[in-house]
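Step one of this worksheet: look at the structure below.
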Amino acid sequence: ILSLLSTLKDTGALLAIEPALKKTTRDLHALRDGLLEAMQCRVIAPCTHSKSCPCLETKSDWCHESRRILLPPRCRKLAEATRLRRSNLKWSYLCLTRPDGLRKTNFNDTWRVVSEPMKQKGRHEVFLCGEPGRYRAVLPDKERSADNAALRDLDRGLITQIQHSEVVRDRLKLNRSSTVR
């Protein structure tokens, strides 16, 4: 990776993709952290921060993308015969530049959605990752407003800005005055 990064031009980027397997994705997270710690690169996606990856704090977490797909008929038959995924595509990725490469965007109050939406009785929840860490965002139904309604439409991989929320233990609590863009 270091040799590939060194060949990039100022506006170049290196993209690493893997099939969202737990072990290899966690290895990708560790590689990211090591490169950042050694100041060998800048992460431009998918992360909105350059702190250590919160998924590495526990052995059961890994960050990946997932999209629903409709396979063409021949691929669907092959997937059925091999018992592979037939309804969604999963992957993990890391997009890097040289440390002096592309300009960093300001990601204050910015979060990346790292889970599917979780509809619980009386509230809506989704995991978010950002500069402060990885949190479960919680919006009680009684606190819904026009300003925070967008939380209900967030899906894995999207980037959002949330203002006027409160971190309480491992939760990012939203209220009526919270704004979600």
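The values are calculated or read from the model by the stated rules, or taken from the named source; none is laboratory data. Predicted, not measured: the structure shown is a model, and the values here were computed from it. Here the Cβ positions follow ideal geometry from the backbone for every residue, glycine too, while neighbour counts run over all protein chains shown. Note: areas computed on protein heavy atoms with side chains; ligands, DNA, RNA excluded. Shrake-Rupley method; radii C 1.70, N 1.55, O 1.52, S 1.80 Å.
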Is it the case that some residue within the range 2-10 is hydrophobic (A, V, I, L, M, F, W, C) and either in contact with a His (Cβ under 8 Å, 6 or more places away or on another chain) or under 20 Å from H64 (Cβ atoms) (or both)?
no
Residue check, E131 closer than 28 Å to C95 by Cα, open to solvent by less than 50 Å² (accessible area, probe 1.4 Å) and among the charged types (D, E, K, R):
no
In this structure, does R156 turn out to be at pLDDT below 95, assigned to a helix (DSSP H, G or I) and more than 18 Å from V43 (Cα to Cα)?
no
Expected output for the range 63-89 (first residue free of Cβ contacts under 8 Å to residues at least 12 places away in the same chain, partner surrounded by 10 or more Cβ atoms within 10 Å (Cβ to Cβ) and in a helix (DSSP H, G or I), Cβ below 8 Å, 6+ apart or cross-chain) is L84/L78; R85/A79
Could you say which residue among W91, W111 is within 30 Å of A150 (Cβ to Cβ), among the aromatic types (F, W, Y), at pLDDT 90 or above and out of contact with any Leu (no Cβ under 6 Å at 6 or more places or on another chain)?
W91
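So which of L94, L70, L84 is open to solvent by 80 Å² or more (accessible area, probe 1.4 Å), closer than 20 Å to K23 by Cβ and not in a helix (DSSP H, G or I)?
Numbers: L94 fails: open to solvent by 80 Å² or more (accessible area, probe 1.4 Å); L70 fails: closer than 20 Å to K23 by Cβ.
Only one candidate passes the filter, namely L84.
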In the set E65, E125, E116, E57, which member is of a type in the set (D, E), open to solvent by less than 20 Å² (accessible area, probe 1.4 Å) and within 23 Å of K23 (Cβ to Cβ)?
E65
Report yes if R176 is open to solvent by 30 Å² or more (accessible area, probe 1.4 Å), of a type outside the set (A, V, I, L, M, F, W, C), touching a helix residue (DSSP H, G or I) at 6+ places or on another chain (Cβ under 6 Å) and under 18 Å from H49 (Cα atoms), otherwise no.
no
Report, ordered by the first and then the second residue, all pairs with beta carbons closer than 7 Å, sequence separation of six or more or different chains, a first member in the range 1-24 that is under 12 Å from R42 (Cα atoms), and a second member that is loosely packed, with under 12 Cβ neighbours inside 10 Å and of a type outside the set (D, E).
L14/L4
Filtering the range 29-43 for residues that are surrounded by fewer than 19 Cβ atoms within 10 Å (Cβ to Cβ), in contact (Cβ under 8 Å) with a residue 60 or more places away in the chain and not in a helix (DSSP H, G or I) leaves a count of 1
Step by step: first the residues of the range 139-164, then only those that are open to solvent by 10 Å² or more (accessible area, probe 1.4 Å) and among the aliphatic types (A, V, I, L, M), then the one that is farthest from S178 (Cα to Cα). Which residue is that?
L158
Need the failing condition index for D10 against (1) touching a Gly at 6+ places or on another chain (Cβ under 8 Å); (2) at pLDDT 95 or above, just the number.
(2)
